[in-house]
1. Taking residue 168 as the residue in question, decide whether it is within 25 Å of residue 189 (Cα to Cα), under 20 Å from the mean Cα position of the chain (by Cα) and without any contact (Cβ under 8 Å) to a residue 40 or more places away in the chain.
2. Only helices (runs of 4 or more DSSP H) wholly contained in region 155-255 count here; list those with 1 or more residues that are under 27 Å from residue 15 (Cβ atoms).
3. Does residue 109 satisfy being touching a residue at least 40 places away in the same chain (Cβ under 8 Å), buried (at least 20 other Cβ atoms within 10 Å of the Cβ) and either farther than 18 Å from residue 218 by Cβ or under 18 Å from the mean Cα position of the chain (by Cα) (or both)?
4. Are any of the residues in region 250-262 closer than 25 Å to residue 18 by Cβ and not assigned by TED's automatic domain parsing to the domain that holds residue 21?
5. Check 116, 84 and return the single one that is in the same structural domain as residue 19 (by TED's automatic domain parsing) and surrounded by 15 or more Cβ atoms within 10 Å (Cβ to Cβ).
6. Criterion first (out of contact with any helix residue (DSSP H, G or I) (no Cβ under 6 Å at 6 or more places or on another chain), more than 15 Å from residue 93 (Cα to Cα), in the same structural domain as residue 103 (by TED's automatic domain parsing) and not in a loop (DSSP other than H, G, I, E, B)) does residue 20 satisfy it?
7. In this structure, is residue 131 closer than 30 Å to residue 60 by Cβ and under 19 Å from the mean Cα position of the chain (by Cα)?
8. If you scan region 1-16, which residues turn out to be out of contact with any strand residue (DSSP E or B) (no Cβ under 6 Å at 6 or more places or on another chain) and buried (at least 21 other Cβ atoms within 10 Å of the Cβ)?
């Protein structure tokens with residue numbers, strides 16, 4: 001197994017999904033004491049359920065408030081580093097992995113020196129052979145990206161490693177040196193886009209990223225965000241634009257402003273067409289707040 005690999009799972013009121021995620025990691029060969037679950041102030045008896053199922057065999061960190069994806073993962077990452085982790089698997093609680101997942105990640109670590117972040121092939125839970133996310137590559141000259149192979153059927157048609165510019169925080173294996181050199185997730189993102197920011201900073205620091213194409217996992221898409229679509233819409237738009245604003249320069253910045261405005265109009269037309277009127281206001285606020293600094297962090301679900 002990958003040397004000193006720790007897994008970090010953040011839970012917020014999805015106890016059944018979290019239990020299933022942990023079970024899948026154990027079935028894939030994870031060391032129980034090196035699985036860290038961070039509970040983000042759940043109110044659904046998640047902590048009691050985890051303790052009843054796993055007793056003290058895994059590590060449980062309890063936060064008294066919802067710190068979001070970024071803040072919750074940062075707690076787990078720090079715990080893992082304090083215990084000597086060399087690799088840290090960050091995995092959404094609404095996912096589960098194949099029995100061979102960790103073995104394939106180990107093969108990826110051994111086969112390519114210098115990789116800082118390794119992504120997985122993420123498939124739809126409801127369509128188990130269809131690719132939900134594979135990785136993103138930058139469009140030359142822009143900070144916008146092209147998603148690879150989204151919606152295609154997975155048929156083991158890829159080389160073992162595929163270089164990418166970004167991977168999903170839904171399932172990413174990160175070398176501890178990445179966190180030591182560039183820091184943790186930016187908590188001001190709260191949720192959505194923080195892994196894009198992390199990948200960008202890692203690339204800038206000289207780390208390489210790739211997808212281990214034999215490491216498969218399945219995602220119950222949007223299990224958390226569907227509970228508050230307005231906040232989810234706001235954060236997705238705001239955070240994507242914050243990323244563009246932070247890292248665009250010169251003419252590229254102007255291009256990204258125009259690009260995001262046209263994209264917002266396109267989404268708005270779709271909302272009007274499908275009767276999603278309540279999502280237009282968070283779309284507009286997200287666009288505005290993305291281009292203008294906002295000091296108050298949105299607390300998801302509050």
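The values are calculated or read from the model by the stated rules, or taken from the named source; none is laboratory data. Since we're looking at a predicted model, the values are computed, not measured. Glycine also receives a Cβ, built like all others from the backbone with ideal geometry; neighbour counts cover every protein chain displayed.
1. Values: within 25 Å of residue 189 (Cα to Cα): yes; under 20 Å from the mean Cα position of the chain (by Cα): yes; without any contact (Cβ under 8 Å) to a residue 40 or more places away in the chain: no.
When the stated conditions are applied, residue 168 does not pass them.
2. Details: elements: 176-182, 194-204, 229-247.
Counting at least 1 such residues, we get 194-204, 229-247.
3. Numbers: touching a residue at least 40 places away in the same chain (Cβ under 8 Å): yes; buried (at least 20 other Cβ atoms within 10 Å of the Cβ): no; either farther than 18 Å from residue 218 by Cβ or under 18 Å from the mean Cα position of the chain (by Cα) (or both): yes.
Against the criterion (touching a residue at least 40 places away in the same chain (Cβ under 8 Å), buried (at least 20 other Cβ atoms within 10 Å of the Cβ) and either farther than 18 Å from residue 218 by Cβ or under 18 Å from the mean Cα position of the chain (by Cα) (or both)), residue 109 does not qualify.
4. Just the residues of region 250-262 that are closer than 25 Å to residue 18 by Cβ, to begin with: none.
Looking through region 250-262, none of the residues is closer than 25 Å to residue 18 by Cβ and not assigned by TED's automatic domain parsing to the domain that holds residue 21.
5. Numbers: 84 fails: surrounded by 15 or more Cβ atoms within 10 Å (Cβ to Cβ).
Exactly one residue qualifies, and that residue is 116.
6. Working: out of contact with any helix residue (DSSP H, G or I) (no Cβ under 6 Å at 6 or more places or on another chain): yes; more than 15 Å from residue 93 (Cα to Cα): no; in the same structural domain as residue 103 (by TED's automatic domain parsing): yes; not in a loop (DSSP other than H, G, I, E, B): yes.
No; evaluated as a whole, the condition is false for this residue.
7. Values: closer than 30 Å to residue 60 by Cβ: no; under 19 Å from the mean Cα position of the chain (by Cα): yes.
Answer is no for this residue.
8. Within region 1-16, just 14 meets the criteria.
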